[in-house]
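First the structure, in the form of structure tokens, and then the observations on it.
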Amino acid sequence: MRQLNERDPRGESFRYARSRDATRTLGADLVHINIRWFAIHMEKLADYLDGLENWLGMLVDGRDKAYAG
């Protein structure tokens, strides 16, 4: 996430190779993106975030049950 944010803090440049004024959006040093590697790691990130959501949901449910009775 940090690396993505460093390259594209607004979350827009990654989608487009060039801006409206035709300048490169990600810089000249980024020539290729390994889509397979990117997809694998985004899937891992999605799984991790899904797990966090489930864990937080269980914590909230436990808290609610503790206060209810």
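The values are calculated or read from the model by the stated rules, or taken from the named source; none is laboratory data. For clarity, every value in this text was computed on a predicted model and none was experimentally measured. No Cβ is skipped: glycine too gets one built from the backbone with ideal geometry, and neighbour counts run over all protein chains shown.
Within region 11-59, the residues that satisfy the criterion of being among the basic types (Lys, Arg) and either in a loop (DSSP other than H, G, I, E, B) or at pLDDT below 80 (or both) are ARG15, ARG20. Name the residue that is farthest from the chain's Cα centre (by Cα), counting only residues in region 1-10 that are outside any loop (DSSP other than H, G, I, E, B) and surrounded by 10 or more Cβ atoms within 10 Å (Cβ to Cβ). Among them, the one singled out is ARG7.
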